[in-house]
Amino acid sequence: MKKNIGDYNLYVFDLDGTLYDQPRLRMIMAKRLICHYMFHPFSVKDLFILKYFREVKEEWTQGSSEEEMMKKVAKDKNVDIERVRRIVRRWIYDDPLSAVNATKDTALIEWIASLRKKGKKVVILSDYPTADKLSAMGVETDGQYSPDDTRIDELKPSPKGLFVIMEDTGEDPGNILMIGDRMEKDGKSAVAAGTDYLILPRKVRDRKIYEIEH
C-alpha cells in the first residue's frame with residue numbers, strides 16, 4: 001500500500017477465502033462429503049468430478065463461462081453434463097452456504113460496515129457468483145462483480161474486473177485498494193490494473209484486523 005489504510009476511496013474485496021476462513025470451510029465440507037458418500041458409495045465418482053472441476057476452474061484461461069468448464073469436465077470424465085451441473089450446484093454453491101456463514105471473518109465484515117459508514121465505497125470482485133454467499137453472511141456492499149458480468153468474462157489475475165469497477169465508479173487506480181487472500185490471483189490482478197493491494201493470511205485466526213485498521 002502506498003497510502004494509509006483509511007485513505008482510499010474505494011475498497012475492492014475478494015470473497016472466497018477473504019471474507020471467510022477457507023481452510024476451515026474446506027474441512028467442514030470434506031466431512032460432509034465423506035459422510036454423504038459413505039451412504040451413497042455408488043455415486044463416489046462425483047468426488048472425482050468435483051475435484052476435476054475445481055482443477056479446471058483454477059487453470060482456466062479461455063474466458064469465464066462455467067458452462068464451458070462443465071462441458072470440458074463432462075467430456076474428459078465421460079459423464080453427462082447434467083450430472084456435472086448437479087454436482088457443482090450442490091457442492092460448490094448450495095451446500096457450502098451454511099458453512100460460509102459459520103466460518104465468516106466477523107472482524108473483517110465489521111470493518112467493511114465501518115468503511116461504508118465513513119462514506120467509503122466497498123465492492124466485491126470474485127471469480128464465483130457472490131449474491132448468495134454475501135446474503136448468507138449478512139454483508140452489504142456498494143456493488144458485486146464476477147465473471148458472470150459479460151464485460152468482465154475473465155478470471156483473476158486478469159485485471160478486467162478492476163477496470164470495469166473503475167469505469168463504473170469513476171475512481172482512479174491510485175484511490176483503490178484491492179483486498180484478497182492470494183497474491184497469485186488478487187495481488188497480480190491489482191498490479192496489472194495499477195491499484196494498491198493488501199493480501200491477508202488465509203487463516204482468519206492469523207489476521208489482526210484491528211492492527212490493519214490503524
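The values are calculated or read from the model by the stated rules, or taken from the named source; none is laboratory data. Just so it is clear, the model here is predicted, and its values are computed rather than measured. So basically every Cβ, Gly included, is an ideal-geometry build from the backbone, and we count neighbours across all protein chains shown.
What are the pairs with Cβ atoms under 6 angstrom where one residue, in region 1-16, is more than 19 Å from Glu110 (Cβ to Cβ) and the other, located anywhere, is aromatic (Phe, Trp, Tyr)? Sequence gap at least six, or different chains.
Sorted first by the residue in region 1-16, then by its partner, the pairs are Asp16/Tyr128.
Would you call Arg83 among the basic types (Lys, Arg), modelled with pLDDT under 95 and surrounded by 15 or more Cβ atoms within 10 Å (Cβ to Cβ)?
It is false that Arg83 is among the basic types (Lys, Arg), modelled with pLDDT under 95 and surrounded by 15 or more Cβ atoms within 10 Å (Cβ to Cβ).
Does Met38 satisfy the condition of being of a type in the set (A, V, I, L, M), loosely packed, with under 15 Cβ neighbours inside 10 Å, modelled with pLDDT under 95 and under 23 Å from Lys208 (Cβ atoms)?
no
Are any residues in region 78-123 assigned to a strand (DSSP E or B) and farther than 25 Å from Lys31 by Cα, and if so, which ones?
Matches in region 78-123: Lys121, Val122, Val123.
So Tyr93 fits all but one of (1) modelled with pLDDT under 95; (2) not assigned by TED's automatic domain parsing to the domain that holds Ala74; what number is the exception?
(2)
Of the conditions (1) touching an Asp or Glu at 6+ places or on another chain (Cβ under 7 Å); (2) on the phi > 0 side of the Ramachandran plot, Gly119 clears all except one; give me its number.
The number of the failed condition is (1).
What pairs come up if the first residue lies in region 114-125 and is modelled with pLDDT under 95, the second is surrounded by fewer than 19 Cβ atoms within 10 Å (Cβ to Cβ) and part of a strand (DSSP E or B), and their beta carbons are under 7 Å apart, counting only those six or more places apart or on different chains?
Between residues of region 114-125 that are modelled with pLDDT under 95 and residues that are surrounded by fewer than 19 Cβ atoms within 10 Å (Cβ to Cβ) and part of a strand (DSSP E or B), there is no close pair.
What are the residues in region 86-109 that are surrounded by fewer than 19 Cβ atoms within 10 Å (Cβ to Cβ), charged (D, E, K, R) and within 19 Å of the chain's Cα centre (by Cα), if any?
Answer for region 86-109, where residues must be surrounded by fewer than 19 Cβ atoms within 10 Å (Cβ to Cβ), charged (D, E, K, R) and within 19 Å of the chain's Cα centre (by Cα): Arg89, Arg90, Asp94, Asp95.
List pairs: first residue in region 137-160 and within 23 Å of Ile109 (Cβ to Cβ), second residue polar (S, T, N, Q) anywhere in the structure, Cβ distance under 7 angstrom, at least six positions apart or on different chains.
Taking only residues 6 or more apart or on different chains, the pairs are Met137/Asn101; Gln144/Thr130; Ser146/Ser126; Ser146/Thr130; Lys156/Ser189.
Please enumerate the residues belonging to region 19-73 that are of a type in the set (Val, Ile, Thr), in contact with a helix residue (DSSP H, G or I) (Cβ under 8 Å, 6 or more places away or on another chain), farther than 21 Å from Arg202 by Cβ and assigned to a helix (DSSP H, G or I).
Correct list: Ile49, Val56, Val73.
Write out, first by first residue and then by second, each pair whose Cβ atoms fall under 8 Å of each other, whose residues are 6+ apart or on separate chains, and whose first residue, in region 71-90, is free of Cβ contacts under 8 Å to residues at least 60 places away in the same chain while the second is surrounded by fewer than 11 Cβ atoms within 10 Å (Cβ to Cβ).
Ala74/Asp80
What number of residues in region 134-184 are in a helix (DSSP H, G or I) and buried (at least 22 other Cβ atoms within 10 Å of the Cβ)?
3
Working only within region 95-136, note down all residues that are in contact with a Leu (Cβ under 8 Å, 6 or more places away or on another chain) and of a type in the set (Ser, Thr, Tyr).
If the condition is that a residue be in contact with a Leu (Cβ under 8 Å, 6 or more places away or on another chain) and of a type in the set (Ser, Thr, Tyr), then Thr103, Ser126, Tyr128, Thr130 are the ones that fit.
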